Amino acid sequence: MHLDDRRRELAEAMETQGLWPTDSPWVRRAILDTLPRHQFAPDRLWTWNGRDEYVPVDRGRDQDAWADLVYAGPEDSAIIQILDGLPSSSLSCVAVVAVVADMLDSLILEPGQRILEVGTGTGWNAGLLAARAGVGLVTSVEVDTDLATAAGRRLTAAGLDVAVHAGDGNAGWPAGAPYDGVIATYAVDEIPWTWIEQTRPGGRLVIPWGRLGHVALTVADDGRSATGWVQGLGMFMPSRGIDQGREHHAIRGHGPPDRTVHVDRGLHALTDVNLLFALRVSHPDIQITTEETAEGLTVRLHDGVSSWATAVIDQDGTTAAYEGGPRQLLAEADAGRRHWEERGSPGLWDFGMTVTPEGQHVWSGAADAGPYMP
């Protein structure tokens, strides 16, 4: 199948699922016409082999398999780099276009503004920024020299004037400061103060936080703080160098569980993205995934170190729950759920963040409400 046919099929899937952003029609035009995905995909991509590792897929050896990854389903990203056995950079899934557009809207990006992007990756997002901001107004920083060089070439080939620099994205790019806005393409747990320092008073920062949602912050008039609200959900790669910890299956192992656990039907609430975000705030080291199957709901929790839990709720409502390791993760998550309910079950968009040189805190309802903690 020709690449244009695959692009058209994916565009139609986006349309059917309502994933194209209605408030930013220029993004759709840029993706379909100016910045098609395959122009920003390297010749080697990576895919999970279904067992124990990621394996390469080379365009020169298997054009169809490569194209399948570039133009996969709307929810599927194309992994472009593996470090230490784990993905470290990707061409974002097309469904993330909706997130990207939301982030650009949150940035309040207008033509003529000077923008700093941290995390160039393939250069695709930098291209979107440049298509909106204008010639010579976007600076992008990428920690990986090879990725930075390749992205610069792709952007030049697409006719876009973006200054791509190899460097530590967390340090920003002070030579071009102050910026009207800063946008990150990777997730951080702690917002680097350098990004705020390099943004003018009244300027905006849009940053994926905790790999689950993104926040939009406005720099105060005195430049000594930045405050704003959570804007939406979106999964992004973590900042380079962050220890992602062990995955659930590695902690679980193949032996029997340490204990059988009694849980109530409150476990069903873990399918609520609002609760999942609240737990990300109150219990940041617990990673939770849910999977709906024909048999029922499976919930997996782990702390990335030594504790895990799995609960399966069948169609009849019967629950089988097991744990291993020193922590009782299901009880901790349930305590976080009760705290969330006691606070009025705030939704994702009820949360916000304030950042100062001394640190950051997440709040719910109002910036002066104090940290959201159990």
Which members of segment 123-142 meet the condition of being of a type in the set (Val, Ile, Thr) and at pLDDT below 95? Val135
Counting only residues that are over 20 Å from Gly234 (Cα atoms) and in contact with a strand residue (DSSP E or B) (Cβ under 6 Å, 6 or more places away or on another chain), segment 173-197 contains a total of 7
Would you say Thr16 is over 15 Å from Trp124 (Cβ atoms) and out of contact with any Ser or Thr (no Cβ under 7 Å at 6 or more places or on another chain)? yes
Write out, first by first residue and then by second, each pair whose Cβ atoms fall under 9 Å of each other, whose residues are 6+ apart or on separate chains, and whose first residue, in segment 7-28, is outside any helix (DSSP H, G or I) and among the small types (Gly, Ala, Ser) while the second is at pLDDT 75 or above and surrounded by 14 or more Cβ atoms within 10 Å (Cβ to Cβ). Ser24/Asp102; Ser24/Leu104; Ser24/Asp105; Ser24/Arg132
Would you please name the residue that is surrounded by the most Cβ atoms within 10 Å (Cβ to Cβ), looking only at residues in segment 142-185 that are in contact with a helix residue (DSSP H, G or I) (Cβ under 8 Å, 6 or more places away or on another chain) and closer than 9 Å to Gly123 by Cβ? Glu142
Select, from His268, His262, His214, His249, the only residue that is surrounded by 21 or more Cβ atoms within 10 Å (Cβ to Cβ) and out of contact with any Phe, Trp or Tyr (no Cβ under 6 Å at 6 or more places or on another chain). His214
Extreme residue, surrounded by the fewest Cβ atoms within 10 Å (Cβ to Cβ), among residues of segment 350-374 that are in a helix (DSSP H, G or I) and in contact with a strand residue (DSSP E or B) (Cβ under 6 Å, 6 or more places away or on another chain): Ala369
Which of the residues that make up segment 149-190 are acidic (Asp, Glu) and farther than 25 Å from Trp209 by Cβ? Asp161
The conditions are (1) under 17 Å from Gly167 (Cβ atoms); (2) among the small types (Gly, Ala, Ser); (3) not in a strand (DSSP E or B), and Ala131 fails exactly one of them. Which is it? (1)
Lone unmet requirement of (1) at pLDDT 90 or above; (2) out of contact with any His (no Cβ under 6 Å at 6 or more places or on another chain) for His262: (1)
Condition check for Gly136: surrounded by 20 or more Cβ atoms within 10 Å (Cβ to Cβ), touching a residue at least 24 places away in the same chain (Cβ under 8 Å), in the same structural domain as Tyr179 (by TED's automatic domain parsing) and in contact with a strand residue (DSSP E or B) (Cβ under 8 Å, 6 or more places away or on another chain): no
Can you find, within segment 46-68, the residue that is surrounded by the most Cβ atoms within 10 Å (Cβ to Cβ) among those that are assigned to a helix (DSSP H, G or I) and modelled with pLDDT of 80 or more? Trp66
What is the residue count in segment 105-128 for residues that are assigned to a loop (DSSP other than H, G, I, E, B) and among the acidic types (Asp, Glu)? 1
Just the residues that are of a type outside the set (A, V, I, L, M, F, W, C) and either touching a residue at least 60 places away in the same chain (Cβ under 8 Å) or buried (at least 17 other Cβ atoms within 10 Å of the Cβ) (or both), please, taken from segment 307-332. Ser307, Thr310, Thr319, Tyr322, Glu323, Gly324, Gly325, Arg327, Gln328, Glu332
Does Tyr179 satisfy the condition of being of a type outside the set (Gly, Ala, Ser), assigned by TED's automatic domain parsing to the domain that holds Glu117 and at pLDDT 95 or above? yes
Among the residues of segment 1-45, count how many are buried (at least 18 other Cβ atoms within 10 Å of the Cβ) and in contact with a strand residue (DSSP E or B) (Cβ under 9 Å, 6 or more places away or on another chain). 5
If we ask which residues in segment 79-114 are at pLDDT 75 or above and under 12 Å from the mean Cα position of the chain (by Cα), their number turns out to be 1
Arg153: passes all of (1) at pLDDT below 95; (2) within 19 Å of the chain's Cα centre (by Cα); (3) closer than 26 Å to Pro87 by Cα but (2)
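The values are calculated or read from the model by the stated rules, or taken from the named source; none is laboratory data. It should be emphasised that the depicted structure is a prediction, and the values quoted were computed from it without experimental measurement. Cβ coordinates were reconstructed from backbone atoms using ideal geometry, including for glycine residues, and neighbour counts include every protein chain displayed.
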